[in-house]
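Colleague: Here's a structure for you.
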Amino acid sequence: MEDNTSINFIVPELNLNYRLIRQLIIIKDLSYSSKGNPVLNLVKIGIFDFLVKYPHILKQLLETKKRKLELLNSERKSIETLYPSKNEFLDINKTKTLLIIMLKFGLVEVSFKNEEIFYVISDKGRLFINDLDIEEILRISELTDYLQVLKSVSNNELTKSIMPLIKGV
């Protein structure tokens, strides 16, 4: 007798589309300050991507801002989520590569302000994200809502706050 049931198993970090979508949602939801100024440079996108990937670290960071974040079971239990790598946090090459892909396909645009490069979502990127309806994407959007309070925090301050929270190598 043949078993026709199958389990879909995707490791998000090995799936290019998942990583692109995660960063695109971050850019869509967090590109601008409350005054309408672009805020997402390469480093901040990398930091926010790390915090969405490791929500237990985001939770600890938010506690210093008197905000509560409820974690899902899957965000608490795995070794990978509990012990992320400091090297991964500091390495922006993956972020840069994903941004190049998104720029090539017109999903994001570059904005210049005070001789600094910022990334914002394009109309094409917004349409692309709005057409998606996947449970994981909804969770990413929920997490980006919590990141709103960190948009005005400098990259250096964020890095100094996050590094002690990383328990991995």
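Colleague: Kindly list the residues of segment 96-122 that lie in the label zone of Tyr32, defined by a backbone N under 17 Å from the point 7 Å along the Cα-to-C-beta vector.
Modeller: Within reach of a label on Tyr32: 108-114, 118-122.
Colleague: Sticking with this structure for a sec: Summarise the long-distance tail of P(r) for segment 92-169 by giving the % of C-alpha pairs beyond 14 Å. Provide the component values of the computation, followed by the final result.
Modeller: Numbers: 2300 of 3003 pairs.
Looking at segment 92-169, the distances longer than 14 Å represent 77 percent of pairs.
Colleague: Turning to a different aspect of this structure: On a C-alpha basis, how far is the centre of segment 129-169 from the centre of segment 15-59 in Å? Whole number, if you could?
Modeller: If you average the Cα positions of each part, the centres end up 6 Å apart.
Colleague: While we're on this one: Hey, got the Cα dimensions of segment 49-114 along the principal axes, in Å, largest first?
Modeller: Rounded to whole Å, the extents work out to 37, 27, 21 Å.
Colleague: At R0 = 22 Å, how high is the FRET efficiency between Ser74 and Leu16 if r is their beta carbon distance? Nearest 0.05 is fine.
Modeller: Working: r = 21 Å, r/R0 = 0.95.
Plugging the Cβ-Cβ distance into 1/(1 + (r/R0)^6) gives 0.60.
Colleague: Can you give me the span-like helices of the chain, meaning DSSP H runs with 18 Å or more of Cα extent along the axis and Kyte-Doolittle mean at or above -1.0?
Modeller: Numbers: long enough: 16-30 (21 Å, 0.57); 135-147 (19 Å, -0.07).
Membrane-span-like by this rule: 16-30, 135-147.
Colleague: Using a 1.4 Å probe on the protein heavy atoms only, what accessible surface does Thr159 show? Give it in Å² to the nearest 10.
Modeller: 40 Å²
Colleague: Exposed loop sites here are GluC sites (Glu not before Pro) in DSSP loop states with at most 10 other C-beta atoms within 10 Å. What is the longest stretch of the chain lacking them?
Modeller: Formally, the longest exposed-site-free interval is 3-69.
Colleague: Hey, another quick one. List the aspartates and glutamates whose Cα sits under 14 Å from the Cα of Lys28, skipping any in the same chain fewer than 8 residues away.
Modeller: Partners within reach: Asp49, Glu109, Asp123, Asp131, Glu142, Asp145.
Colleague: Report, ordered by chain and residue number, the lysines lying within cross-link reach of Lys94, taken as a straight Cα distance under 18 Å and ignoring same-chain residues fewer than 8 apart.
Modeller: Here the lysines satisfying the reach criterion relative to Lys94 are Lys44, Lys53, Lys86, Lys104.
Colleague: Show me, bin by bin at 5 Å from 0, the whole-percent P(r) of segment 18-140 based on Cα pairs.
Modeller: Final binned percentages: 2, 10, 19, 22, 21, 15, 9, 2, 0.
Colleague: Oh, and also: What dipole magnitude, in Debye to the nearest 20, does the chain give about its Cα centre under +1 on Lys/Arg Cβ and -1 on Asp/Glu Cβ? Please report the intermediate quantities before stating the final value.
Modeller: On the way: 24 positive and 22 negative charges, 157 e Å.
With only Lys, Arg, Asp and Glu charged at Cβ, the dipole is about 760 debye.
Colleague: For the chain, what does the helix formula give at 222 nm: sum of -39500 (n - 2.57) over DSSP H segments with n ≥ 4, over the residue count, nearest 500 deg cm²/dmol? Could you put the intermediate results ahead of the total?
Modeller: Numbers: 9 runs with 86 residues, N = 169.
It comes out at -14500 deg cm²/dmol, rounded to the nearest 500.
The values are calculated or read from the model by the stated rules, or taken from the named source; none is laboratory data. Computed from a prediction, not measured in an experiment: that's the story for all the values here. Positions of Cβ are backbone-derived with ideal geometry, glycine not excepted, and every protein chain shown enters the neighbour counts. Please note that ligands, DNA and RNA were not included when accessible areas were found on the heavy atoms of the full protein model with its side chains. Shrake-Rupley method; radii C 1.70, N 1.55, O 1.52, S 1.80 Å.
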